[in-house]
Amino acid sequence: DTFPKYLLAHAERIGGRPAMRHKDYGIWQTWSWADQLREVRTFALGLQDLGLAHGERIAIVGSNRPRLYWAIAAAQSLGAIPVPVYADAVADELAYVLNNASVRFAVVQDQEQVDKIQSFAKDIPHLEHIIFDEPRGLRDYSRDRLHDFVDVQSKGAALLAADPALGERWEKAVRSASGDDVSVMLYTSGTTGRSKGVMIKASHAVAAAHDTVVFDQLTEHDSVLAYLPLAWVGDHYLNYAQGCVSGFCVNCPEAAGTVTADMREIGPTYYFAPPRVYENL
């Protein structure tokens, strides 16, 4: 009924198979399903320690990065609602979504996203915590509400080491989660007015992903390149959701300019694109 349940199942059944890859400084880094479970669990426990609770909204802002996908899964494992936001949204658009969704937490990719949020802080009164993935340029920033992703994970790992039963309780909560919970909140493009948040139930999201996985005969032996915008419904279903259900490997490119070269290196077995992309291949 929920995507984190699949994470637990894949870690048990195909724990050694690759779940996520990311090309960083020209080198492909790989995480297995067992690795991914550890990453998500420690981050979820760190978020829980910061106060993220069931039903709360948490913004996810940035490009296709493993930690941002893990943040989505971690939020869902706690019953919180991830709200992906387009990385290229200008500051006031970003502030609008964060305020409209009443987010208290935001997980962002880098300094650019932190700056955009900070510049409209007065318009996002509910926001209390900003967690960043890439620390470059943020060393001298006030840490009143800024947190390094690694530090949040480290806190979760320390709590787990001090009380192993905490991990068991987290897993039990994942296994008992309801499909009636909201799995994700995706915002429309806003072409006819202000963007609107669409709330999708976990059971509906899983069912849609399952149907397409069966139709396309996708398995853990398949591989995709996650180059589409993280906040787009297409990326959410074709990469995150289908990856959770089928167990295939999601590959994150190094940058927008390296997508073609990265795709040649990976050789994905499954590829989705709008017509214009195919025309330019």
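Every residue in the range 205-236 that is in a helix (DSSP H, G or I) and either without any contact (Cβ under 8 Å) to a residue 24 or more places away in the chain or closer than 23 Å to S32 by Cβ (or both), please.
V206, A207, A209, H210, D211, V213, V214, F215, D235, H236
Which residue is nearest to I14 (Cα to Cα), if the candidates are limited to the range 189-204 and must be part of a loop (DSSP other than H, G, I, E, B) and out of contact with any helix residue (DSSP H, G or I) (no Cβ under 9 Å at 6 or more places or on another chain)? It would help to see each step written out before you state the result.
Residues of the range 189-204 part of a loop (DSSP other than H, G, I, E, B): 189-196.
Cutting the leftovers down to out of contact with any helix residue (DSSP H, G or I) (no Cβ under 9 Å at 6 or more places or on another chain) gives us 189, 191-193.
On the way: S189: 37, T191: 42, T192: 45, G193: 45 Å.
Top of the filtered list is S189.
I'd like the full set of residues that are open to solvent by 30 Å² or more (accessible area, probe 1.4 Å) and either of a type in the set (G, A, S) or free of Cβ contacts under 8 Å to residues at least 24 places away in the same chain (or both), limited to the range 14-24.
Scanning the range 14-24 gives a single hit, G16.
Keeping to the range 232-244, report how many residues are buried (at least 24 other Cβ atoms within 10 Å of the Cβ) and either of a type in the set (G, A, S) or over 13 Å from the mean Cα position of the chain (by Cα) (or both).
So the count comes out to 3.
For the range 44-65, what are the residues that are closer than 16 Å to F3 by Cα and buried (at least 23 other Cβ atoms within 10 Å of the Cβ)?
A44 - this is the single residue of the range 44-65 that is closer than 16 Å to F3 by Cα and buried (at least 23 other Cβ atoms within 10 Å of the Cβ).
Just name the residue that is farthest from A177 (Cα to Cα) out of those in the range 1-10 that are open to solvent by 20 Å² or more (accessible area, probe 1.4 Å) and at pLDDT 95 or above. Can you show your working first?
Within the range 1-10, the first condition is being open to solvent by 20 Å² or more (accessible area, probe 1.4 Å), and the residues that meet it are 1, 5-6, 9.
Imposing the further condition that a residue be at pLDDT 95 or above reduces the set to 5-6, 9.
On the way: K5: 8, Y6: 12, A9: 14 Å.
Among those residues, the one meeting the criterion is A9.
Mind checking whether some residue in the range 246-264 is under 17 Å from the mean Cα position of the chain (by Cα), buried (at least 22 other Cβ atoms within 10 Å of the Cβ), over 17 Å from P18 (Cβ atoms) and among the small types (G, A, S)?
no
The values are calculated or read from the model by the stated rules, or taken from the named source; none is laboratory data. For clarity, every value in this text was computed on a predicted model and none was experimentally measured. Reconstructed Cβ throughout: ideal geometry from the backbone, glycine too, with neighbour counts over all protein chains shown. These accessible areas exclude ligands, DNA and RNA; they are computed on the full protein's heavy atoms, side chains included. Shrake-Rupley method; radii C 1.70, N 1.55, O 1.52, S 1.80 Å.
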